[in-house]
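*Asks:* Before I ask anything, let me first share the structure, which is written out below as structure tokens.
Every number in this text was worked out from the coordinates using simple rules, so none of it is lab data. Just so it is clear, the structure is predicted and the values come from calculations on it, not from any experiment. Cβ placement follows ideal geometry from the backbone for every residue including glycine, while neighbour counts extend to all protein chains displayed.
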Amino acid sequence: MSKQTIAIVEDEADITELVSYNLVREGFEVISAENGEQGLALITENLPVLVILDLMLPGIDGLEICRRMKDNPKTQNIPIVMMTAKNEESDIILGLGVGADDYVAKPFSPKELIARVKAVLRRAAKLDDSSDTSSDNTITIGDITIHPDFYQVFVKDKQIQLTLSEFKILQTLITKPNRVFSREQLLR
């Protein structure tokens, strides 16, 4: 089995080196870029299993990279962990709102970052596994149609763009109607 590739888009070389070292120790292959343009090209060409993305980058910033990834059918399902010095609640909400699957504030613990990366990858794998259980597992409730195999949601035949996290929450709520979930349950 080949190693899973993770892309790091970070302009600080020492942080890239620290994160790369810890990811390689955990068995991942790492590719990296130091600015937004290089990062977007690297992601599009290599299609990593996950992207660790700084917000404040030269050229294209991390939020714009995230938006472009989610708008591109080739990259829209790649999980993103934002890693940034911007740690205000509004920054976190904005990052998660444009498509990030998790958010790690600098300074960070390498062990915590690795744990978060593995958790995001597990959630993505569970979503992939659940979509493989049936050849046609389309879910329709009223005007909403969900195609789990393709991570697509349609409302009245109009496709709605959702982040991976939003998709998973919607799928959970629709497949388990009349059930109340706590915030912690939805986060898991």
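*Asks:* Mind checking the full-extension length gain between residue 175 and residue 11? Use 0.36 nm per residue of separation minus the Cα-Cα distance, one decimal, nm.
*Replies:* Between residue 175 and residue 11, full extension yields 54.9 nm more.
*Asks:* Can you figure out the FRET efficiency of residue 44 with residue 159, using R₀ = 22 Å and their beta-carbon distance, to the nearest 0.05?
*Replies:* For residue 44 and residue 159, the calculated efficiency is 0.55.
*Asks:* While we're looking at this one, here's another question. Can you list residues from other chains, or at least 5 along the same chain, whose modelled amide H is less than 5 Å from the amide H of residue 103?
*Replies:* Those lying under 5 Å, H to H, from residue 103 are 82.
*Asks:* For residue 137 and residue 18 in one chain, what is 0.36 nm times their gap in residues minus the Cα-Cα distance, to one decimal in nm?
*Replies:* Gain on stretching residue 137 to residue 18: 38.6 nm.
*Asks:* Just one of [x] 71, 38, 28; [y] 51, 40, 29; [z] 52, 45, 23 is Cα extents along the principal axes in Å calculated from these coordinates, so which is it?
*Replies:* [y]
*Asks:* Also, I was wondering about something else. For the charge dipole of the chain, defined by +1 on Lys and Arg C-beta atoms and -1 on Asp and Glu C-beta atoms about the Cα centroid, which residue among 163, 13, 43 has the Cα displaced farthest towards the positive pole?
*Replies:* 163
*Asks:* Only four residue types carry charge here, +1 at the Cβ of Lys and Arg and -1 at the Cβ of Asp and Glu. Report the dipole size of region 1-59 about the Cα centre in Debye, rounded to the nearest 20.
*Replies:* About 320 debye.
*Asks:* Where nothing but the Cβ of Lys and Arg (+1) and of Asp and Glu (-1) is charged, how large is the charge dipole of the chain around its Cα centre, in debye to the nearest 20?
*Replies:* Magnitude of the dipole: close to 840 debye.
*Asks:* For region 1-48, rounded, prolate or oblate, judged on the Cα gyration tensor with a ≥ b ≥ c (square roots of eigenvalues), a/c < 1.5 rounded, else prolate if a/b > b/c?
*Replies:* oblate
*Asks:* Also, quick follow-up: Return the percentage of antiparallel bridges among DSSP beta bridges fully within the chain, rounded to the nearest 5 %.
*Replies:* Here the antiparallel bridges make up roughly 40 percent for the chain.
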